[in-house]
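Worksheet for the structure shown next.
The values are calculated or read from the model by the stated rules, or taken from the named source; none is laboratory data. Just so it is clear, the model here is predicted, and its values are computed rather than measured. Cβ sites come from the backbone with ideal geometry, for glycine too, and all protein chains shown count toward neighbours. Areas reflect the complete protein model, heavy atoms only, side chains present, ligands, DNA and RNA absent. Shrake-Rupley method; radii C 1.70, N 1.55, O 1.52, S 1.80 Å.
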2 protein chains.
Amino acid sequence: MKIGELAQQSGLTPSRIRFYEQIGLLKAVGRRPNGYRTYPPQAVMILGLIITAQRAGFTLDEIRTLLPSDLTHWDHAALMDALTRKIADIEALQVRLTQSRAHLLRLIEDIQARPDDMDCAANAHRVLTNMLAENPEALDVTSGDIRLLDTKDRRQSLSPSRRKKTAPR
Amino acid sequence: MKIGELAQQSGLTPSRIRFYEQIGLLKAVGRRPNGYRTYPPQAVMILGLIITAQRAGFTLDEIRTLLPSDLTHWDHAALMDALTRKIADIEALQVRLTQSRAHLLRLIEDIQARPDDMDCAANAHRVLTNMLAENPEALDVTSGDIRLLDTKDRRQSLSPSRRKKTAPR
DNA sequence: CCTAACCTTGAAGCTAACTTCAAGGTCAAG
DNA sequence: CTTGACCTTGAAGTTAGCTTCAAGGTTAGG
């Protein structure tokens with residue numbers, strides 16, 4: 001099977017498949033005499049596995065270290081460990097999300113709870129003060145990490161609490 | 001207040017503060033005769049607001065469009081709308097996470113449920129097949145987006161379902 | 001034999017949110 | 001008057017996961 005066909009069957013683009021090969025996720029691809037890549041039917045499964053793992057929140061790096069060259073010989077221990085840790089990561093993220101959601105809901109309520117005798121400016125200040133008071137500022141949560149945030153096509157990131165001493169060296 | 005002091009009080013680095021100014025998040029910073037930036041005490045609050053919003057899942061872009069130049073004059077409607085939509089985004093992500101978590105748990109169980117008479121290789125194949133069957137492949141979830149994933153210092157992303165016709169043009 | 005659809009490569013571009021670097025000005029203390 | 005901490009700028013680097021581009025080889029059909 002040539003790369004175009006594999007692309008169709010797996011739902012990926014040829015460029016993406018080549019990229020995966022480039023970073024060592026797909027190794028030992030066969031070549032025809034003319035230089036064209038050629039894949040065994042099994043490749044569809046490997047790609048399916050990769051995108052499933054991605055959706056579950058694994059980075060390509062993690063996937064690479066877990067993927068055995070031979071699909072029938074997994075490192076059972078490492079795999080279980082990774083799965084378990086990923087679940088923990090997800091749970092940590094869920095906690096964070098629940099907090100964020102609650103925080104936003106409280107904020108909305110607070111905004112709407114403007115005392116009748118208070119003008120918008122004063123209310124804005126009140127809300128802001130409340131909000132910042134709620135946020136211990138520079139709290140450095142330091143928990144696990146996870147990447148899991150697309151749904152459709154997004155790229156994102158987030159990274160507060162990375163601080164460098166502005167202090168004396 | 002000079003930038004170093006503001007950095008200390010807000011917990012951000014000077015470079016990050018300059019960066020925020022550069023992208024138009026912090027406007028009209030004062031300058032001393034020597035060229036040094038100078039900030040009003042209020043700036044600490046503005047930065048606190050920005051990092052709080054970031055933690056809640058807003059991008060700097062979103063924050064910029066919502067942040068009024070005058071902290072007492074918010075676009076109430078736009079703000080409420082953004083908050084509400086962000087909550088919806090969070091909820092969508094929570095759903096996704098719950099599914100991912102369940103998926104991983106099922107996977108773990110499935111791996112451990114190896115029939116006594118089956119060897120590892122065959123079991124691997126069985127699990128793989130089950131997993132891929134569960135995944136309708138190329139499902140293109142297409143929901144809202146959100147960025148909310150740091151806790152400590154990470155960058156991440158995820159983006160399946162971006163597909164280009166490999167087909168005839 | 002031509003053409004369109006395929007394949008090849010390496011390098012560069014994209015996004016978000018910053019940091020780091022290079023090269024240089026300013027200022028208070030000793 | 002020198003040192004070191006601080007400030008300035010613009011440009012380039014970082015990360016992840018790809019895509020896009022340029023420049024060219026291959027192949028099947030008509």
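Here are a few things to note about the model shown:
- Taking the chain by itself as reference, the range A:49-67 contains these residues with an accessible-area loss of 30 Å² or more in the full protein complex (1.4 Å probe, heavy atoms): A:L49, A:T52, A:R55, A:A56.
- Student exercise, the range A:3-66 dipole from Lys, Arg, Asp, Glu Cβ charges, in Debye to nearest 20: 180
- Total formal charge among the other residues, if their Cβ is under 15 angstrom from that of A:L71, Lys/Arg +1 and Asp/Glu -1: 0
- Integer Hz, Karplus 6.51/-1.76/1.60 couplings in order for the range B:110-123, x for Gly and Pro: 4, 5, 6, 7, 5, x, 4, 8, 10, 7, 4, 4, 5, 5
- Each other copy places its own label point for B:Y36 at 6.9 nm from this one, sorted shortest first, where the point lies 7 Å along the Cα-to-beta carbon line.
- Here's how it looks for A:T38: its modeled amide H is under 5 Å from those of A:G30, A:R31, A:R32, which are all 5 or more places away or on a different chain.
- The residue list A:G35, A:S15, A:G4 was ranked by how far each Cα lies along the charge dipole of the range A:3-66 toward its positive end, using unit charges on Cβ atoms, and A:G35 comes out on top.
- Computed FRET value (nearest 0.05) for A:R18 with A:D116, which takes r as the C-beta separation and R₀ as 51 Å: 0.20
- Measuring with a 1.4 angstrom probe and ignoring ligands and nucleic acids, A:E91 comes out at about 70 Å² accessible.
- Against the criterion of solvent-accessible heavy-atom surface with a 1.4 angstrom probe, A:D61, A:D89, A:D70 sort, most first, into A:D61, A:D70, A:D89.
- Using a 7 Å Cα-to-Cβ projection, B:T72 label spacings across copies, nm, ascending: 7.7
- Chains B and A, summed buried accessible surface - 1.4 Å probe, Å², nearest 100: 7700
- Charge context of B:R37, other residues only, Cβ under 9 angstrom, K/R +1, D/E -1: +3
- Look at the alpha carbon pairs under 8 Å that are at least 6 residues apart: their mean separation over the length of the range A:1-132 gives a relative contact order of 16 percent.
- The accessible-area loss of the range A:83-105 on complex formation, taken against its chain alone with a 1.4 Å probe, reaches 50 Å² or more at A:L83, A:I87, A:I90, A:Q94, A:R96, A:L97, A:R101, A:L104.
- Average accessible surface for the range B:5-145: 52 Å² per residue, computed with a 1.4 Å probe over protein heavy atoms with every protein chain in place.
- In this assembly of identical copies, the label point of B:E5 (Cα plus 7 Å along Cα-to-Cβ) is separated from its counterparts by 7.2 nm, sorted shortest first.
- In this view, the solvent-accessible surface of A:D116, computed with a 1.4 Å probe and all protein chains in place, comes to about 150 Å².
- Phi to ³J(HN,Hα) by Karplus 6.51 cos²θ - 1.76 cosθ + 1.60 over the range A:92-101, Hz, x for Gly, Pro: 4, 5, 4, 4, 4, 5, 4, 5, 4, 4
- Heavy atoms of A:T59 accessible to a 1.4 Å probe, total area in Å² rounded to 10: 40
- Karplus-based coupling profile of the range B:21-30, in residue order and whole Hz: 5, 4, 8, x, 8, 10, 10, 6, 7, x, with θ = phi - 60° in 6.51 cos²θ - 1.76 cosθ + 1.60 and x standing for Gly or Pro.
- Summing charges over neighbours of B:L6, with a neighbour being any other residue whose Cβ is under 12 Å away from its Cβ, gives +2 when K and R count +1 and D and E count -1.
- Carbon + sulfur, % of accessible area of the range A:3-66 - ligands and nucleic acids excluded, 1.4 Å: 55
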